[in-house]
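Student: Okay, here's the structure, questions in a sec.
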Amino acid sequence: MKKIIIAGNWKMNKTQKEALKFLQEFKSNLEEVNGTREIVLCAPFTALGIMSKSQYGGGIRLAAQNIHWEDKGAYTGEISGAMLTELRVNYVVVGHSERRQYFGETDETVNLRMIAAQNHGLTPIFCVGESKSQRDAGETETVIINQIKRGLVNLDQSNLVIAYEPIWAIGTGYTCEAIEANHIIGIIRSQLLNKEVSIQYGGSVKSSNINEIMAQPEIDGVLVGGASLDPVEFARIVNYQ
Ligand code: PGA
């Protein structure tokens, strides 16, 4: 049975104090959700520790936004798997388009980071997606298939989540049509050995479009950026019908 995973990617937002306030407000707006719906918050490293200890953190899983492929060493600014597991983190976002675009992340480094995550018992949330120019040139399928093939070398597909995030839909307010996202996610699934991998959609998800997105048969959850910063709005998304 595929897991439904509703994840909020806070990116570089929220101090420890703001994260705790969010948890409290979010929890009070959450409805009794079906047990197969998992809630994940991808918080900054600095907030993970106190969030894992918060009395309002029950039922919420934590994700980091990066992991290095080495266990330790001279890698200024990076973070290791052991540093994350100590904070009771379960997931780690790898290959987000912002990392690829601004921090030189490649399919090869994405692959190494995901292998490290799995070696530490963490589940990678592997992001793939095409840019607007690639989409306009009709290259979406080739781009996605290449990212999947290169990213998944030597990966254990029984411990993996994939997020399809078209770059042109991230933070722009332009959501990919639910039917189009469903189609691309079907193509992603056709490339996998394990057809039960949960595949999320990400890109301008909000409470006003969540029902339509989650009604698609191939879509197993969402990775929400901007709309996950507001506890009431994120609770509405998690509470989708
Ligand atoms: P957005 O971001 O929801 O703000 O478009 C999605 C993401 O980058 O994961």
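Student: Given Val153, Val143, which one is more than 18 Å from the chain's Cα centre (by Cα), away from the ligand (no atom under 16 Å from the Cβ) and open to solvent by less than 40 Å² (accessible area, probe 1.4 Å)?
Tutor: Val143
Okay, residues lined up against (1) under 30 Å from Glu25 (Cα atoms); (2) in contact with a Pro (Cβ under 6 Å, 6 or more places away or on another chain); (3) among the polar types (S, T, N, Q):
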site: Arg61; (1), (2), (3): yes, no, no
site: Ala64; (1), (2), (3): yes, no, no
site: Glu78; (1), (2), (3): no, no, no
site: Arg100; (1), (2), (3): no, no, no
site: Thr109; (1), (2), (3): no, no, yes
site: Gln147; (1), (2), (3): no, no, yes
site: Gly151; (1), (2), (3): no, no, no
site: Leu155; (1), (2), (3): no, no, no
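Student: Could you say whether any residue in the stretch 171-179 is acidic (Asp, Glu) and either over 15 Å from the mean Cα position of the chain (by Cα) or open to solvent by 70 Å² or more (accessible area, probe 1.4 Å) (or both)?
Tutor: Within the stretch 171-179, one or more residues are acidic (Asp, Glu) and either over 15 Å from the mean Cα position of the chain (by Cα) or open to solvent by 70 Å² or more (accessible area, probe 1.4 Å) (or both).
Student: With respect to Asn66, is the statement that it is in contact (Cβ under 8 Å) with a residue 12 or more places away in the chain and either in contact with a helix residue (DSSP H, G or I) (Cβ under 8 Å, 6 or more places away or on another chain) or basic (Lys, Arg) (or both) true?
Tutor: yes
Student: Do we find a residue being out of contact with any helix residue (DSSP H, G or I) (no Cβ under 6 Å at 6 or more places or on another chain), of a type in the set (A, V, I, L, M) and either open to solvent by less than 10 Å² (accessible area, probe 1.4 Å) or more than 16 Å from the ligand (Cβ to nearest atom) (or both) anywhere in the stretch 126-136?
Tutor: Within the stretch 126-136, not a single residue is out of contact with any helix residue (DSSP H, G or I) (no Cβ under 6 Å at 6 or more places or on another chain), of a type in the set (A, V, I, L, M) and either open to solvent by less than 10 Å² (accessible area, probe 1.4 Å) or more than 16 Å from the ligand (Cβ to nearest atom) (or both).
Student: Here is a follow-up. When only residues in the stretch 1-37 that are acidic (Asp, Glu) and modelled with pLDDT under 95 count, which is nearest to the ligand (Cβ to nearest atom)?
Tutor: Glu31
Student: Right, another one. Taking the options Met83, Met1, name whichever one is of a type outside the set (Lys, Arg), open to solvent by 70 Å² or more (accessible area, probe 1.4 Å), closer than 20 Å to Ile199 by Cβ and out of contact with any Leu (no Cβ under 8 Å at 6 or more places or on another chain).
Tutor: Result: Met1 is the single residue among Met83, Met1 that is of a type outside the set (Lys, Arg), open to solvent by 70 Å² or more (accessible area, probe 1.4 Å), closer than 20 Å to Ile199 by Cβ and out of contact with any Leu (no Cβ under 8 Å at 6 or more places or on another chain).
Student: Say we look at the stretch 163-186 and pick out the residues that are in contact with a Ser or Thr (Cβ under 9 Å, 6 or more places away or on another chain) and aliphatic (A, V, I, L, M); which of these is nearest to Ala215 (Cα to Cα)?
Tutor: Result: Ala181.
Student: Would a scan of the stretch 56-68 turn up a residue that is modelled with pLDDT under 95 and open to solvent by 60 Å² or more (accessible area, probe 1.4 Å)?
Tutor: yes
Student: Among all residue pairs at least 6 apart or on different chains, which show Cβ distances below 9 Å where the first residue, located in the stretch 87-114, is in a loop (DSSP other than H, G, I, E, B) and within 16 Å of the ligand (Cβ to nearest atom) and the second is of a type in the set (Ser, Thr, Tyr) and open to solvent by 20 Å² or more (accessible area, probe 1.4 Å)?
Tutor: Note: pairs meeting the criteria are Gly95/Thr109.
Student: Could you tell me whether any residue of the stretch 193-212 is more than 10 Å from the ligand (Cβ to nearest atom), of a type in the set (A, V, I, L, M, F, W, C), surrounded by 21 or more Cβ atoms within 10 Å (Cβ to Cβ) and more than 27 Å from Glu31 (Cα to Cα)?
Tutor: No - not one qualifying residue is present in the stretch 193-212.
Student: Same structure again: Scan the stretch 216-228 and report the pairs whose first residue is over 19 Å from Ile188 (Cα atoms) and whose second residue is more than 6 Å from the ligand (Cβ to nearest atom) and of a type in the set (A, V, I, L, M), with Cβ atoms within less than 7 Å and a gap of 6+ or a chain change.
Tutor: Listed by first residue and then by second, the contacts come to Val224/Ala7; Val224/Ile237; Ala227/Ile237.
Student: On the basis of being open to solvent by 20 Å² or more (accessible area, probe 1.4 Å), farther than 26 Å from Thr172 by Cα and among the acidic types (Asp, Glu), does Glu98 make the cut?
Tutor: Taking the combined requirement at face value, the residue does not satisfy it.
The values are calculated or read from the model by the stated rules, or taken from the named source; none is laboratory data. For clarity, every value in this text was computed on a predicted model and none was experimentally measured. As a convention, Cβ positions derive from the backbone with ideal geometry for all residues, glycine included, and neighbour counts pool all protein chains shown. We work out accessible area using only protein heavy atoms, side chains counted, and drop any ligands, DNA or RNA first. Shrake-Rupley method; radii C 1.70, N 1.55, O 1.52, S 1.80 Å.
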